[in-house]
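The values are calculated or read from the model by the stated rules, or taken from the named source; none is laboratory data. Just so it is clear, the structure is predicted and the values come from calculations on it, not from any experiment. Cβ sites come from the backbone with ideal geometry, for glycine too, and all protein chains shown count toward neighbours. These area figures cover heavy atoms from the full protein model, side chains too; ligands, DNA and RNA do not enter into them. Shrake-Rupley method; radii C 1.70, N 1.55, O 1.52, S 1.80 Å.
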Amino acid sequence: YVQEDKVFELHEIHTQIFKSNCFLLLYNSMEGTVYKSLSFVIESINDERNLTHKDVINEIQEIWLKYNLLINGNIHKIDRDLIEHFQKYIQDKIDINFDHFKNEIKGYFGTSNITDEVIHDEILPKLGIHITKIVERKLENLKDFRNNLAHGNDSFANIGSSVFFVELKEYKNKTFKYLDKYIAIISEYVTNKEFKIK
């Protein structure tokens with residue numbers, strides 16, 4: 001049995017909810033890009049043949065040691081044999097499971113929701129990337145909209161009604177412009193193998 005075609009009426013509240021959902025999509029694009037890029041960096045380091053602790057910059061050495069000593073539970077086994085344990089790890093080939101690392105040491109790559117400040121003050125320095133900050137204030141608002149929606153502090157209809165489509169387009173353009181710059185920084189870091197000691 002096939003029902004007759006029905007006309008869907010688009011009411012103002014549907015438009016408001018749609019606009020609010022766009023904020024969630026933009027924020028998720030930011031967060032997903034950042035964490036996928038970190039995974040890409042770690043995989044690129046893992047892919048280097050015979051790269052050991054002494055071959056990488058201090059920031060990557062710290063990640064490697066935290067990965068082996070904290071995540072794998074070895075920190076509890078270290079007593080008077082501390083030196084032997086460290087010697088073993090600094091000779092091992094770098095091999096880090098990024099997802100495992102991120103889940104076990106929560107907050108290592110940023111303690112807050114993703115914004116331009118968190119990226120440049122907390123995340124990039126952990127990889128040894130020190131650049132002039134790309135400032136984009138709209139990303140702070142994006143985080144606030146996302147948090148208010150995710151935590152139920154505000155309704156989809158209310159947030160959506162506070163933003164015009166032209167503003168939503170500006171949020172989208174600035175988010176993607178920022179991500180383009182961010183991806184270029186990560187690509188240059190991996191291409192130039194800036195994780196290695198020169």
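Which length gain, in nm to one decimal place, applies between F176 and H130 when the Cα-Cα distance is subtracted from 0.36 nm times their residue separation? Show your work: numbers first, answer last.
Details: separation 46, 0.36 × 46 = 16.56 nm, distance 2.15 nm.
Going from the current span to full extension adds 14.4 nm.
Placing dummy labels 7 Å off each Cα toward the beta-carbon, the span from E140 to H14 is 3.7 nm.
Leaving out ligands and nucleic acids, and using a 1.4 Å probe, what accessible area per residue does the chain come to in Å²?
Ligands and nucleic acids excluded, the result is 60 Å² per residue.
So I have (1) 17.0; (2) 19.5; (3) 16.0, and one of them is Kirkwood radius over Cα pairs in Å calculated from this model. Which one is it? Derived directly from the coordinates: (2). Which pairs break 23 Å Cα to Cα here: K102/K143; K36/K193; K19/K106; K19/K126; K36/K169; K126/K193? The answer is K19/K106; K19/K126; K36/K169.
With a cut-off of 14 Å between beta carbons, the residues surrounding N58 carry a summed charge of +1, where Lys and Arg count +1 and Asp and Glu -1.
Less than 5 angstrom separates the built amide H of K196 from those of I57, all sequence-distant by 5 or more or on a different chain. To put it simply, the accessible area of the chain at a 1.4 Å probe is 51 percent carbon and sulfur. When shorter helices are ignored and each DSSP H run of at least 4 residues is given -39500 (n - 2.57), the per-residue value for the chain at 222 nm works out to -18000 deg cm²/dmol. For segment 103-108, putting each phi into the Karplus relation 6.51 cos²θ - 1.76 cosθ + 1.60 with θ = phi - 60° gives couplings of 6, 7, 10, 5, x, 4 Hz, in residue order, rounded to whole numbers and with x for Gly and Pro. Within the same chain, aspartates and glutamates fewer than 8 places from K133 are excluded, and of the rest, those with a Cα less than 20 Å from its Cα are E31, E59, D116, E117, D121, E122, D180, E188, E194. Helices meeting the span-like rule in the chain (full DSSP H runs, Cα extent of at least 24 Å along the helix axis, mean Kyte-Doolittle score of -0.5 or higher): 12-47, 165-191.
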